[in-house]
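Just below is one structure, and these are the notes that go with it.
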Amino acid sequence: MADSSDSVSVDMEGVPIGGKEHHVKTCHGYVSVAVFGDQDKPALITYPDLALNHVSCFQGLLFCPEACSLLLHNFCIYHISPPGHELGAETISNDYPMLSVEDLVDQIADVLNFFRLGAVMCMGVTAGAYILTLFAMKYRQHVLGLILVSPLCKAPSWTEWLYNKVISNLLYFYGMCGVVKELLLKRYFSKEVRGSAQVPESDIVQACRRSLDERQSSNIWRFLEAINGRPDITDGLRKLQCRSLIFVGDSSPFHAEALYMTSKLDRRYSALVEVQACGSMVTEEQPHAMLMPLEYFLMGYGLYRPSQSSVSPRSPLSPSCIAPELLSPESMGLKLKPIKTRISLEV
């Protein structure tokens, strides 16, 4: 373990599975890492989307008992937050240099060195998925596999760049104002859960809205500037040798990009799962839709499947909803096939 002077550990309140938060010193400043589970187990690292942290981005998935059992049975989970996105974060000083996406990737490498981790499984959402994909390209020996939710791989289009600049300017001059919150919620969730004049917004949207109020707007601005300046990494996708499982909601603003990314990955090592009536943040909006694909994906690594039943009664998935290719023996080895799976909400 690294020198204790480089890390501060505090018990996290309100989390039933005994997580601890570490502030790890990296080559580009301190990074918050919330650790859940037995550190003798293989490591799963996560990275959230813009303006989120592990609580607001992954708690839906981990509060799903079946998914929590699956993941914590097989892994120790290391939730890495973008700088200044952790719970109770202070405002990053204006004197601190702006970080690029490459700098954020190097921070992850330092986190792995701090915890003395070898090869890890990675799970990221949108901007976090981009960061972890870039990490897999630069530090190939450290990545066992990628679980990507509504991922990005191209440089921002002019439309996205301008959209992000509007949010960036609002954050810089007005902070986390109502307009910024609405734009971010549209980024995360489908209109079905965001509600309307006739239908109230769902509990998950309300919880996310409250969490956004707790973020330091200047810290979000810094992360957004890094993501808006990201390079195109399409050319490196074909060279990835680790297996990749991609989830995307068909109502996600990044749906087309996820399909594009899947088309550029090596067909022997990648699979796609589309979720109907869902936005970008499948981990919160429809976490049960991730359960069975995750089970079969992890079985390809020889990891134990805790539930022997064919499907959870609470899951919107059934074997008939999943393309046969994902359930085939080939999908459990190195010949995981690319598929386009539609998950219906009606079971």
Practice task
Within segment 212-223, identify whether any single residue is surrounded by fewer than 17 Cβ atoms within 10 Å (Cβ to Cβ) and part of a helix (DSSP H, G or I), and answer yes or no.
Solution key: yes
Exercise for the section: Could you run through segment 20-50 and say how many residues are under 21 Å from the mean Cα position of the chain (by Cα), in contact (Cβ under 8 Å) with a residue 40 or more places away in the chain and assigned to a loop (DSSP other than H, G, I, E, B)? Expected result: 6
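Residue by residue through segment 264-287, note down the ones that are touching a residue at least 60 places away in the same chain (Cβ under 8 Å) and more than 19 Å from Lys191 (Cα to Cα).
Hits for segment 264-287 are Lys264, Leu265, Arg267, Arg268, Tyr269, Ser270, Ala271, Leu272, Val273.
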Fill in the blank from the handout: Quick count over segment 255-268, residues being open to solvent by less than 30 Å² (accessible area, probe 1.4 Å), of a type outside the set (A, V, I, L, M) and either in contact with a strand residue (DSSP E or B) (Cβ under 7 Å, 6 or more places away or on another chain) or at pLDDT below 95 (or both), is 2
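Having 1 or more residues that are touching a Leu at 6+ places or on another chain (Cβ under 9 Å), open to solvent by less than 10 Å² (accessible area, probe 1.4 Å) and over 23 Å from Gly124 (Cα atoms) is the bar; report the helices (runs of 4 or more DSSP H) wholly within segment 148-200 that clear it. Give the steps one after another, and end with the answer.
Numbers: elements: 158-174, 178-188, 191-194.
Counting at least 1 such residues, we get 158-174.
Looking only at segment 224-235, which residues are touching a residue at least 12 places away in the same chain (Cβ under 8 Å) and open to solvent by 20 Å² or more (accessible area, probe 1.4 Å)? Break it down stepwise before answering.
Applying the first criterion (touching a residue at least 12 places away in the same chain (Cβ under 8 Å)) to segment 224-235 yields 224-234.
If the condition is that a residue be touching a residue at least 12 places away in the same chain (Cβ under 8 Å) and open to solvent by 20 Å² or more (accessible area, probe 1.4 Å), then Glu225, Gly229, Pro231, Asp232 are the ones that fit.
Is it true that Glu284 is open to solvent by 10 Å² or more (accessible area, probe 1.4 Å), assigned to a helix (DSSP H, G or I) and modelled with pLDDT under 90? Outline the logic, then answer.
Numbers: open to solvent by 10 Å² or more (accessible area, probe 1.4 Å): yes; assigned to a helix (DSSP H, G or I): yes; modelled with pLDDT under 90: no.
Taking the combined requirement at face value, the residue does not satisfy it.
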Completion exercise
Ser69 meets each of (1) touching a strand residue (DSSP E or B) at 6+ places or on another chain (Cβ under 6 Å); (2) over 29 Å from Ala155 (Cβ atoms); (3) hydroxyl-bearing (Ser, Thr, Tyr) with one exception, condition (1)
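The values are calculated or read from the model by the stated rules, or taken from the named source; none is laboratory data. Please read these numbers as outputs of a predicted model, since none were measured by experiment. Cβ atoms come from the backbone with ideal geometry, glycine included; neighbour counts cover every protein chain shown. Please note that ligands, DNA and RNA were not included when accessible areas were found on the heavy atoms of the full protein model with its side chains. Shrake-Rupley method; radii C 1.70, N 1.55, O 1.52, S 1.80 Å.
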